[in-house]
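Below you'll find the structure, written out as structure tokens, and then a few comments.
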Amino acid sequence: MNSEDSIKPSRRDVMVVGAASSALLVNACQSATPTTYAEEGPPVVNETTSTVTLEVNGTPHRLTIDNRVTLLDALREHLRLTGTKKGCDHGQCGACTVIVNGRRINSCLSLAVMHAGDEIKTVEGFGTPDAPGPMQAAFIREDAYQCGYCTPGQICAAIGVLEEIRAGVPSHVTPSLTGPVEASPEEIRERMSGNICRCGAYSNILSAIQSVSGAV
């Protein structure tokens with residue numbers, strides 16, 4: 001036997017090493033299994049979950065959730081606030097718009113764990129079917145919807161838009177960066193451009209927003 005044959009592994013050697021490696025891998029995976037929650041007592045948190053308190057529509061909710069859960073999924077799947085809709089889930093349609101600390105955001109693009117302590121408001125927080133808020137009532141009065149799927153996001157965005165205008169925040173079409181901002185049709189269209197209505201109810205949506213702003 002030459003020196004190369006002495007170090008060349010046999011087929012049996014390869015099988016033995018492979019079996020040993022598999023056993024080690026199984027043991028490693030078992031030891032890395034995430035800690036499960038206890039049935040009673042405080043939640044057990046591991047490296048993939050967090051316990052946060054979300055204040056939604058004035059009510060605090062304590063949740064233990066996966067760190068990768070979006071604010072949209074936390075609202076819909078964990079708190080059962082299904083008024084906020086999942087459209088594109090990529091921040092392109094605006095159906096998931098909610099108000100966080102007074103500003104409108106796409107909840108599908110934000111992780112829930114980022115909003116511990118924030119004030120979150122969904123469409124459910126602006127009124128009820130029996131007592132709709134001003135913007136909700138305007139959408140009904142102006143017939144500003146058809147299928148209605150985008151309407152919760154449209155209403156939240158519209159409320160955020162009027163707050164931006166009242167605060168004097170300029171947009172791309174504002175004539176002056178330092179002067180007052182008016183709720184003109186151009187201004188509202190520009191600010192609402194991130195909210196898509198596939199039914200095409202845009203003219204009535206504009207009328208509803210203008211009626212609340214006092215522009216008409």
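Among all residue pairs at least 6 apart or on different chains, which show Cβ distances below 8 Å where the first residue, located in the stretch 65-84, is farther than 17 Å from Asp118 by Cα and the second is among the basic types (Lys, Arg) and part of a loop (DSSP other than H, G, I, E, B)?
Arg76/Lys86
Please work out which residue is surrounded by the fewest Cβ atoms within 10 Å (Cβ to Cβ), limiting yourself to the stretch 62-108 and to residues that are touching a Phe, Trp or Tyr at 6+ places or on another chain (Cβ under 8 Å) and of a type outside the set (Lys, Arg).
So the first thing to find is which residues in the stretch 62-108 are touching a Phe, Trp or Tyr at 6+ places or on another chain (Cβ under 8 Å), and the list is 64, 85, 87, 95.
Of the ones still in play, those that are also of a type outside the set (Lys, Arg) are 64, 87, 95.
On the way: Thr64: 14, Gly87: 21, Ala95: 27.
Checked the stretch 62-108; the qualifying residue surrounded by the fewest Cβ atoms within 10 Å (Cβ to Cβ) is Thr64.
Between Gly102, Gly160, which is out of contact with any Lys or Arg (no Cβ under 8 Å at 6 or more places or on another chain) and within 29 Å of Asp66 (Cβ to Cβ)?
Gly102
Can you pull out every residue in the stretch 186-216 that is closer than 27 Å to His90 by Cβ and assigned to a loop (DSSP other than H, G, I, E, B)?
Those that are closer than 27 Å to His90 by Cβ and assigned to a loop (DSSP other than H, G, I, E, B): Met192, Ser193, Gly194, Asn195, Ile196, Cys197, Arg198, Cys199, Gly200, Ala201.
For Gly179, are the conditions met, namely being at negative phi, surrounded by fewer than 22 Cβ atoms within 10 Å (Cβ to Cβ) and not charged (D, E, K, R)?
Numbers: at negative phi: yes; surrounded by fewer than 22 Cβ atoms within 10 Å (Cβ to Cβ): yes; not charged (D, E, K, R): yes.
Yes.
Residue-wise test of (1) within 24 Å of Leu81 (Cα to Cα); (2) among the polar types (S, T, N, Q); (3) in contact with a Ser or Thr (Cβ under 6 Å, 6 or more places away or on another chain).
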residue	(1), (2), (3)
Asp130	yes, no, no
Cys150	yes, no, no
Gly153	yes, no, yes
Ala157	yes, no, yes
Gly168	no, no, no
Ser171	no, yes, no
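In a loop (DSSP other than H, G, I, E, B) and in contact with a Leu (Cβ under 8 Å, 6 or more places away or on another chain), is that true of Ala183? Give the derivation first.
On the way: in a loop (DSSP other than H, G, I, E, B): yes; in contact with a Leu (Cβ under 8 Å, 6 or more places away or on another chain): yes.
Yes, satisfied.
Any read-out appearing in this document is the output of simple, stated calculations on the displayed coordinates, not a laboratory observation. Predicted, not measured: the structure shown is a model, and the values here were computed from it. Please note: Cβ atoms are built from the backbone with ideal geometry, for glycine as well, and neighbour counts cover all protein chains shown.
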